[in-house]
Every structure is written in structure tokens, then in C-alpha cells.
Amino acid sequence: MSESILHVRVGVPVEESLGAAAETMKALDRGEAPEPYFGVGFEDMSQMLAVFTPKRWELIGALRAAGPLTVAELARRLRRNYKNVHGDIAELMEWMAVERDEAGKVFVPWSEIVVDMRLPHQAAA
């Protein structure tokens, strides 16, 4: 398994992310090998919590601990309905938190998932 980190960022302006991507491209043009960065972003906490629900965090933890599993086996281990677990896996795959291997088993490719929440600017007093 990879020792990579998935960064889940909340409230970070798109411009800031685009700026970081531009800097990475410049480094590549100079022949430098920048550190790999994997991230997904959400405008606000409610959007993030709609994707990363408590049940899905439980699923991520169980998968990380067990290693690659079929969705059916994961559902059995979590004592959850297969259809619900299948839907959760599909959603988490869209957000890069879970992947499927060549055998069709699902797994968490990250050693860490770091959630970074930017607080709104405080209004001037």
C-alpha cells in the first residue's frame, strides 16, 4: 500500500488550489520532481459532511485495517446492508478515498486522510 496522504480541504478558495497547481507545473517544466499531492476540496463543511458521513468514515477505517475486500465481505464485517455499502463505496471512489484493485476488491490507498478546514474571515469590528 502507498504511504500517500489524501488531503480533504474545506473552505479553501479555488484560486489558491489553482495557484498551487500552477507552481507544480512550473517545477515540472524546470525538471524538478515535486512531492506528490492528492487532494479534494469542498466549499463548506456541509458539503464535506454529505460525502464523508460517519458511516463512511467507519467504512474507511474498516477497509484500511482489513486491506482489500469485496463489497459483500465489507458489508458483512460492518453488519450493514450490501446495497448501502455499495453506494457508499461508489461515492467514496468518486472522491478518491477508496479504489478498486485488479481483482475487483476495494481498498483505501492512503496511509492518512487529513481534513483541513479553513475558517471564514472574521468581520471587522
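The values are calculated or read from the model by the stated rules, or taken from the named source; none is laboratory data. Treat the numbers as computed from the prediction; the structure is a model and nothing was measured. Methodologically, a virtual Cβ is constructed for each residue, glycine included, from the backbone with ideal geometry; neighbour enumeration extends over all protein chains shown.
Descriptive notes on the structure:
- Residues within segment 68-119 that are of a type in the set (Asp, Glu) and within 14 Å of Trp57 (Cα to Cα), tallied: 3
- Selected residue [modelled with pLDDT of 95 or more, in contact with an Asp or Glu (Cβ under 9 Å, 6 or more places away or on another chain) and exposed (fewer than 14 other Cβ atoms within 10 Å of the Cβ)] from Lys83, Lys105, Lys55: Lys55
- Residues being assigned to a loop (DSSP other than H, G, I, E, B) and more than 14 Å from Ser4 (Cα to Cα) - total across segment 91-124: 13
- Residue pairs whose Cβ atoms lie under 7 Å apart, separated by 6 or more positions or on different chains, with the first residue in segment 108-121 and of a type in the set (Lys, Arg) and the second outside any loop (DSSP other than H, G, I, E, B), are Arg118/Val10.
- Residue match in segment 65-83 (condition: touching a strand residue (DSSP E or B) at 6+ places or on another chain (Cβ under 8 Å) and touching a residue at least 40 places away in the same chain (Cβ under 8 Å)): yes
- Candidates are the residues of segment 4-34 that are at pLDDT below 75 and not hydrophobic (A, V, I, L, M, F, W, C); the one that is farthest from the chain's Cα centre (by Cα) is Glu23.
- When we screen Ala66, Ala62 for residues that are among the small types (Gly, Ala, Ser), under 22 Å from Val8 (Cα atoms) and surrounded by 13 or more Cβ atoms within 10 Å (Cβ to Cβ), the only hit is Ala62.
- Residue pairs whose Cβ atoms lie under 9 Å apart, sitting 6 or more positions apart in sequence or on different chains, and linking a residue in segment 3-25 that is surrounded by 15 or more Cβ atoms within 10 Å (Cβ to Cβ) to a partner that is among the hydroxyl-bearing types (Ser, Thr, Tyr) and at pLDDT below 70, are Arg9/Ser17.
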